[in-house]
Each structure stands twice: as structure tokens, then as C-alpha cells.
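A.B. asks: Attaching a single structure in C-alpha cells format; questions to follow.
FYI, it's all coordinate maths here, none of it is from the lab. Please read these numbers as outputs of a predicted model, since none were measured by experiment. Positions of Cβ are generated from backbone atoms using ideal geometry, with glycine treated the same way; all protein chains shown enter the neighbour counts.
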Amino acid sequence: MFQLYLVILALITFLSLKPDFMQNKVKSIGIKLIYNIIYFYSACQIKFNQAYNYLLPYFKTNEVIDKVTIEQFNIDTNDLLTISKDILDVTDTFDIEDKLDNKLFIVSKNIINDLGNNVSGDSNTSNNISITNKLIIDKNNICLSFDASNITFIALYLNYNGERYNINLKTDDFNYYLVGNKIDKQFIQYYINTVLSLKFSYAEPEIKTYELELMDHEVNMVYLSSEQSIIIDKDGYHIINNKEDESKEKEKEKEKEKEKDVDDNMNKYEADVANESEKTKVE
């Protein structure tokens, strides 16, 4: 476009310097030339835009990549094992329930969405939005539903043995506000070791100094001991005692044992019936 302005300016300058007897002829030629240049430029621009709009769908992607990452954290040793899969069905990776003794699992679901056109026109600006939801799984919570909560705490701190640790459950990189997530001393241990990158373990004498300090989404101050946990709900949260979870776990184990006994007795009964029928046929 700048070259076009130079051509027009040159023609105007040329016309202003010519004698009167040539001005009319040159002026007529100049007007036609300028008109043709403007027309050619406009036609090229229109054709370019048409070609761009036609080819854009072949280069534009709205692909959503659903990536699952599983972190296995050993509560006794603070060792972290990470498994990354481009899958949606976490249960196909391994049987989590069989590996939960003294371990905590964090299942991360990372969704990358390409929004397409860059509206700002800045080539260095990315149109991708990445959201990573992190699901906490222990022996009392094996639900694999990534249902985001509607709440966000104002502040959460661990006060332990004279130290203060900031526990931020949601940043630009991750989100722990999922329905059913349990914020307890095991998760806090995992968080300090992996997110804050600090070596941290509980010691028996100092565990009495454990205090989880919470300012919730309604500006209420709540203080929890090491025997209490926060359970994230859809529009709020509730607090439980860990001993209640342990008793529930024992009840579940008893129910499983009862179901196993019933199945064993049923199988034995069916086998006896089959044997009796075989004897009857022989007789």
C-alpha cells in the first residue's frame, strides 16, 4: 500500500511541473493509471481474502487432547512415581484399589483446547487454554469423577513445628477443587514435597503441633487437627474425623468378607446340588 501512495504522489508532482499544453493529456492518462492501480490492488485483496477463507478450515484445528497423568506418592518414603497416558479410562492403566496401602494417588486430567484464530493478531500469543484438574485418590476415595467444585478458599495454611506452609489448591497450572477430594495430613505431606519441593515428613512428637488453618470461601476461620480432614463438595465443603473414615473402612471390609462368605457358600451349595444330580443319574 505504501508503494501505491508513492506512485500517486509522483504523478501529482509530475503534473504540477508540466506546461499547460501537456497537463490535460497527461492528467487524463494519470487518472486512468491511478484508477487501474487502485482497482487491481482491491481485486487482489478480495481474491486473497477469498482464498484465505477457503483454505483456513484445512489448517485450523479445534483438537482437544485429553491427557491423563497418574502420580503415585509413597507416604512412608516420599517417593513419587509418575505415569503419563494419552487415555481417558484410568481404570485400564492399573487396578488402583490393589495398590493403596500407604500410598496416595493423584490423577491429573489435562485438557488442551485450541481456540483457532488469534484475534489480537500477535503471532507470539498462544490461543491454547490448558486446564489441569487433579483428583485425590486414597483407600476411602476411589471415585474417578472429575467434577469441579464451585468454591475457592481464600487461604489455607499448615502450621507445623514452628513452620508455616502456604497450601494453594488452585493456580494457573492445577486445580484440586474437585468434588470428593479430601484434604488431610497425607495430602498435605504430598503437596509440600511435590508442589513446594520441600522435604517434609511427620514425626511422632511434633504431630501434636499440626494445625491446618483455613479461611474459607465465606471468610470463616476454621482450624483443623491432624485427625480431621476437609472434603470438597460441589458448592461448599465439610469436615470429617479421620477415625470415622477408618471405622467406615472397617465396615466395608466386614461387608466384603460377608459377601465373600455368601459367595463361597453359594458355590459350595451349587457344587453339592450338581454332585447329587450326578449320583441320581447314575442310580
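A.B. asks: Which of the residue pairs Lys109/Lys243; Lys170/Lys199; Lys170/Lys208; Lys67/Lys199; Lys170/Lys243; Lys139/Lys185 have a Cα-Cα distance greater than 26 Å in the structure shown?
C.D. replies: The pairs that break the limit, which is 26 Å between Cα atoms, are Lys109/Lys243; Lys170/Lys208; Lys67/Lys199; Lys170/Lys243.
A.B. asks: Please work out how much length the chain gains when fully extended from Lys67 to Ile240, using 0.36 nm per residue of separation minus the C-alpha to C-alpha distance, in nm with one decimal.
C.D. replies: Length gained, Lys67 through Ile240: 59.1 nm.
A.B. asks: Kindly write out, for region 219-225 in residue order, the coupling ³J(HN,Hα) from the Karplus curve 6.51 cos²θ - 1.76 cosθ + 1.60 (θ = phi - 60°), rounded to whole Hz, with x marking Gly and Pro.
C.D. replies: Rounded to whole hertz, the list is 6, 8, 8, 10, 10, 10, 8.
A.B. asks: Full-extension gain between Asn74 and Ile37, please, as 0.36 nm times their residue separation minus the C-alpha to C-alpha distance.
C.D. replies: 5.9 nm
A.B. asks: Hey, rough spin-label estimate for Tyr165 and Lys199, points 7 angstrom out along Cα→Cβ, what's it come to in nanometres?
C.D. replies: Here the answer is 1.4 nm between the modelled labels.
A.B. asks: Using a basic spin-label model with each label point 7 Å from the Cα along Cα→Cβ, how many nm lie between Thr152 and Leu81?
C.D. replies: 3.5 nm
A.B. asks: Tell me, what is the FRET efficiency for Glu218 and Asp172 to the nearest 0.05, using R0 = 30 angstrom and their Cβ-Cβ distance as r?
C.D. replies: 0.80
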